Amino acid sequence: MLVVPDGIHLIFLPSYSPELQPCERLWLLSNEAIANRRLETLDELQEAQAERCITLQNDPISIRQITLYHWRPILLS
């Protein structure tokens, strides 16, 4: 049994709510590197994923397009 302390209120969250965690949507971009490919070893998989991460790191516009919601403030660096 869960004991909830005074002053804490539990809020139901749906099982799928990517707008609460925008980084979850990055899996779509991340998996493009390995989708429909046959990789022989775990090392090959890790290398393909690392290369994709570098590609995405150099393409912030693609990341913004998939993770930016109308209600989320834009942080300029």
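The values are calculated or read from the model by the stated rules, or taken from the named source; none is laboratory data. On a predicted model such as this, the values are computed, not experimentally measured, just so you know. Using ideal geometry, Cβ is built from the backbone for each residue, glycine included, and neighbour counts are taken over all protein chains shown.
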Q: May I ask you to say which residue of Leu39, Leu56 is part of a helix (DSSP H, G or I), at pLDDT 85 or above and surrounded by 11 or more Cβ atoms within 10 Å (Cβ to Cβ)?
A: Leu56
**Q.** Residue list for segment 20-30, filter: under 12 Å from Ile66 (Cβ atoms) and either in a loop (DSSP other than H, G, I, E, B) or of a type outside the set (Gly, Ala, Ser) (or both)
**A.** Pro22, Cys23, Glu24, Arg25, Leu26, Trp27, Leu28, Leu29
Q) Restricting segment 13-36 to residues that are within 12 Å of the chain's Cα centre (by Cα) and of a type in the set (A, V, I, L, M), which is surrounded by the most Cβ atoms within 10 Å (Cβ to Cβ)? A) Leu29
